[in-house]
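Chemist: Below is a structure I'd like to ask you about.
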Amino acid sequence: MNFIYPFLTNKSFLWLLLLVNLFGTIYGYIWYMPQLEITKIYFLPFVPDSPTASLFFCFVLIAFLLGKNWPIFEVLAIITLFKYGIWAVVMNILTLIVTGYLPWEGYMLIASHLAMAIQGILYAPFYRVKWWHIIIAAIWTLHNDIIDYVFMQYPIYSQLSLYISEIGYFTYWLSILSIFLAFVCSIKVKRRTLFSSFQ
């Protein structure tokens, strides 16, 4: 993996990655707009899952470009990017299995969300996350699951509504895996210095 870090830490690449994530975040909020229009105001922060995850990562990248670490955004990013990235991949594949058809947007979402899940992990050695950051992010993540599957604010995939109990169960354990992954990748790994390698 060492060969990839000079590329990942190139300042021009970080700017490009920020622009891509910013575009993806805006697109994601637009995708959620029909659901947001019928959502009660106090649920609004918890409904647009994937774009909020990429928004967290935008703050991580902005901090990197400023020569700083913002650990709470780092841990929120790694957990939610992996969780909702994998979630969207699985849901689109299930849609294909259940209906026998997936529009081109579905394949685009599979590719983009898989990349989303990977990017947060790739930058984990540069994070400066502590235990209390993980606890806060874990509370946010599991609370979001409650909002989605107790108060039924989950992303609308009409073809999969018959399987919502199974999807909720899967999502809960995906959250646990994502929190564990954040611990392993951002605390247990050897930490690297990003800023000295800026070009």
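The values are calculated or read from the model by the stated rules, or taken from the named source; none is laboratory data. Note that the coordinates shown come from a computational prediction; the quantities given were computed from them, not determined experimentally. Positions of Cβ are backbone-derived with ideal geometry, glycine not excepted, and every protein chain shown enters the neighbour counts. Calculation scope for accessible area: heavy atoms of the full protein, side chains included, ligands and nucleic acids excluded. Shrake-Rupley method; radii C 1.70, N 1.55, O 1.52, S 1.80 Å.
Chemist: Consider residue 24 carefully, then state whether it is more than 23 Å from residue 171 (Cβ to Cβ), open to solvent by 20 Å² or more (accessible area, probe 1.4 Å) and not charged (D, E, K, R). Explain how you work it out, then say what you get.
Modeler: Values: more than 23 Å from residue 171 (Cβ to Cβ): no; open to solvent by 20 Å² or more (accessible area, probe 1.4 Å): yes; not charged (D, E, K, R): yes.
Spelling it out, it is not the case that residue 24 is more than 23 Å from residue 171 (Cβ to Cβ), open to solvent by 20 Å² or more (accessible area, probe 1.4 Å) and not charged (D, E, K, R).
Chemist: Considering every residue within segment 148-167, establish whether at least one is among the β-branched types (Val, Ile, Thr) and within 17 Å of the chain's Cα centre (by Cα). It would help to see each step written out before you state the result.
Modeler: So in segment 148-167, the residues among the β-branched types (Val, Ile, Thr) come out as 150, 156, 164, 167.
From what's left, within 17 Å of the chain's Cα centre (by Cα): none.
No, because not a single residue in segment 148-167 is among the β-branched types (Val, Ile, Thr) and within 17 Å of the chain's Cα centre (by Cα).
Chemist: Which ones in segment 1-21 are open to solvent by 20 Å² or more (accessible area, probe 1.4 Å), in a helix (DSSP H, G or I) and over 22 Å from residue 109 (Cα atoms)?
Modeler: Matches in segment 1-21: 2, 3, 4, 5, 6, 7, 11, 12, 13, 15.
Chemist: Follow-up question, since we're still on this one. Can you tell me which condition residue 164 does not meet? The list is (1) closer than 26 Å to residue 30 by Cβ; (2) of a type in the set (A, V, I, L, M, F, W, C); (3) open to solvent by 70 Å² or more (accessible area, probe 1.4 Å), and all the others hold.
Modeler: (3)
Chemist: How about segment 142-170: which of its residues are more than 21 Å from residue 40 (Cβ to Cβ) and of a type in the set (Val, Ile, Thr)? Reasoning before the result, please.
Modeler: Going residue by residue through segment 142-170, those that are more than 21 Å from residue 40 (Cβ to Cβ) are 159-160, 162-163, 165-167, 169-170.
167, the sole residue that qualifies.
Chemist: With of a type in the set (Lys, Arg) and closer than 24 Å to residue 155 by Cα as the only criterion, which of 68, 40, 11 stands out?
Modeler: Values: 68 fails: closer than 24 Å to residue 155 by Cα; 11 fails: closer than 24 Å to residue 155 by Cα.
None of the others qualify; the one that does is 40.
Chemist: While we're looking at this one, here's another question. Pull out all pairs, ordered by first then second residue, where Cβ-Cβ is under 6 Å, the residues are six or more apart or on different chains, the first lies in segment 62-86 and is of a type in the set (Gly, Ala, Ser), and the second is in a helix (DSSP H, G or I).
Modeler: Final answer for the pair search is 67/195; 77/56; 77/57; 77/60; 77/120; 85/113; 85/116; 85/117.
Chemist: Is it true that some residue in segment 172-190 is part of a loop (DSSP other than H, G, I, E, B) and on the phi < 0 side of the Ramachandran plot? Please lay out each step first, then the result.
Modeler: Step one: filter segment 172-190 for residues part of a loop (DSSP other than H, G, I, E, B), giving 189-190.
Within this subset, residues satisfying the condition of being on the phi < 0 side of the Ramachandran plot are 189-190.
Yes, some residue in segment 172-190 is part of a loop (DSSP other than H, G, I, E, B) and on the phi < 0 side of the Ramachandran plot.
Chemist: Another one. Could you pull out the residue among 129, 98, 184, 150 that is touching an Asp or Glu at 6+ places or on another chain (Cβ under 6 Å) and more than 14 Å from residue 50 (Cα to Cα)? Let's see the steps before the verdict.
Modeler: On the way: 98 fails: touching an Asp or Glu at 6+ places or on another chain (Cβ under 6 Å); 184 fails: touching an Asp or Glu at 6+ places or on another chain (Cβ under 6 Å); 150 fails: touching an Asp or Glu at 6+ places or on another chain (Cβ under 6 Å).
Of the residues listed, the single one that is touching an Asp or Glu at 6+ places or on another chain (Cβ under 6 Å) and more than 14 Å from residue 50 (Cα to Cα) is 129.
Chemist: Mind checking which residues of segment 119-152 are over 17 Å from residue 188 (Cα atoms) and open to solvent by 30 Å² or more (accessible area, probe 1.4 Å)?
Modeler: 136, 139, 140, 142, 143, 146, 149, 150, 151, 152
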